1. With the cut-off at 21 Å, tell me which of the pairs K105/K206; K38/K125; K38/K216 have Cα atoms farther apart than that.
2. Each residue of segment 147-153 in turn: what ³J(HN,Hα) in whole Hz from Karplus with 6.51, -1.76, 1.60 and θ = phi - 60°, glycine and Pro shown as x?
3. Report the label-to-label distance for Y176 and N119 in nanometres (one decimal), using points 7 Å from each Cα along the Cα→Cβ vector.
4. Using 0.36 nm per residue of separation minus the Cα-Cα distance, give me the extension gain between R47 and S127 in nm, one decimal.
5. Could you give each residue of segment 95-111 its phi-based ³J(HN,Hα) in whole Hz, using Karplus coefficients 6.51, -1.76, 1.60 with θ = phi - 60°, and x for Gly or Pro?
6. Please list the non-local residues whose amide H lies under 5 Å from the amide H of R195, H modeled 1.01 Å from N, same-chain partners needing a gap of 5 or more.
7. Would you mind getting me the FRET efficiency between T101 and K38? Use the beta-carbon distance for r and R0 = 22 Å, nearest 0.05.
8. Over segment 175-222, average the accessible area per residue using a 1.4 Å probe and give it in Å², no decimals.
Amino acid sequence: MGFFDGLLGGRAADFDSGNASTNAIELTRRHQTVSLTKQEAATGHLRVNLSWRMRTSDFDGAQRTSLFRHPFRALKPPEVLGHGQSMVNVDLDLGCLYELTDGTKGVVQPLGGYLGDVNAPPYIKLSGDDRFGSASGETMYVNLDHRDALKRLLVFVYIYDQTPAFDRTHAIVTLYPSNGPRIEIGLDERHPQARSCAVVMIENIKGELIVRREVKFVYGFQGELDRLYGWGLQWGRGFKTKVDR
C-alpha cells in the first residue's frame, strides 16, 4: 500500500471547493485531498472533532415489535429511541500520531493520558475523553501558527475494548479550519472486525499544508497503524480507569 496513494491524483486537479449549501468539503475516494494553504486556513487553531452514534437499524427491530402495544412511540424522534444501553457502550477514541520537523515523534490520545499541549510541542491538544457518544464528541486542536514545526499528523480513531465495531456506528471526523468550509471524512465503509482506522493525514509538503483522506481500517490498534505508516514508536497494553455514568 503506497504511502502517497491519492496525493498525486488529487493535486493534478483543482481542490474540491465544497458544498455551498452546507459549507462543507467531503473528502471521498474520488476527492481525497484539500489544501489548507490554498484556502488561507493554514493559521490559527484547526479543530478536529469525532462524533458518532448507533445506526438506527440496530434499534429498528425492537421498535417494530413494540409499536403495536405502544403506537405513540412512533412519534418520538429517532435520537430519543437511540439513547439506550447499546449506545452508551460505544467508546470511540480520537488520536493523532505526530512527527515534527525536528524528528520528534509521539502520540496524542486519551489512553494513557497523552493529551498533548496546544502552545508547546507537539502543538496538538485533546480536549478530553468522551466515553458515551455525546453530541459534542471528542475534539482535538492543532495550533497551525506553529505549522513550520509540523511535518505530518495522522488523525486516527480506535475502538476501546468490548465495544461494537465500526459498522454499527455513524462515525464522522470533521475538521474546522480557521477559514473556509469545514472538512468531513465519514467512516462509512464496512469493516465489521476492524478495531482502528487511519482517518486523515495532514502533511507539510514544501510549506503547503495538505489534508489527505486515508480511511484505512486495521484489525489491531495503534501499533498496527504505526507499522502501516512507519512511525517507529514502542507500544504497550493500556487500560482506562472506570468512570461513573
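The values are calculated or read from the model by the stated rules, or taken from the named source; none is laboratory data. From a predicted model like this one, the values you see are computed outputs, not experimental measurements. Cβ atoms come from the backbone with ideal geometry, glycine included; neighbour counts cover every protein chain shown. Note: accessible area is taken over every heavy atom of the protein model, side chains too, but ligands, DNA and RNA are not part of it. Shrake-Rupley method; radii C 1.70, N 1.55, O 1.52, S 1.80 Å.
1. Violating the 21 Å limit, Cα to Cα: K38/K125; K38/K216.
2. Per residue, the Karplus-derived 3J(HN,Hα) values read 4, 5, 8, 9, 9, 7, 10 Hz.
3. In this crude spin-label approximation the distance works out to 2.1 nm.
4. Contour length minus Cα-Cα distance gives 27.8 nm.
5. Karplus-based 3J(HN,Hα) across segment 95-111 equals x, 8, 7, 10, 9, 8, 5, 8, x, 5, 10, x, 9, 10, 6, x, 5 Hz.
6. For R195, the qualifying residues are V218, Y219, G220.
7. Given R0 = 22 Å and the Cβ-Cβ separation, E is 0.55.
8. With all protein chains present, segment 175-222 gives 37 Å² per residue.
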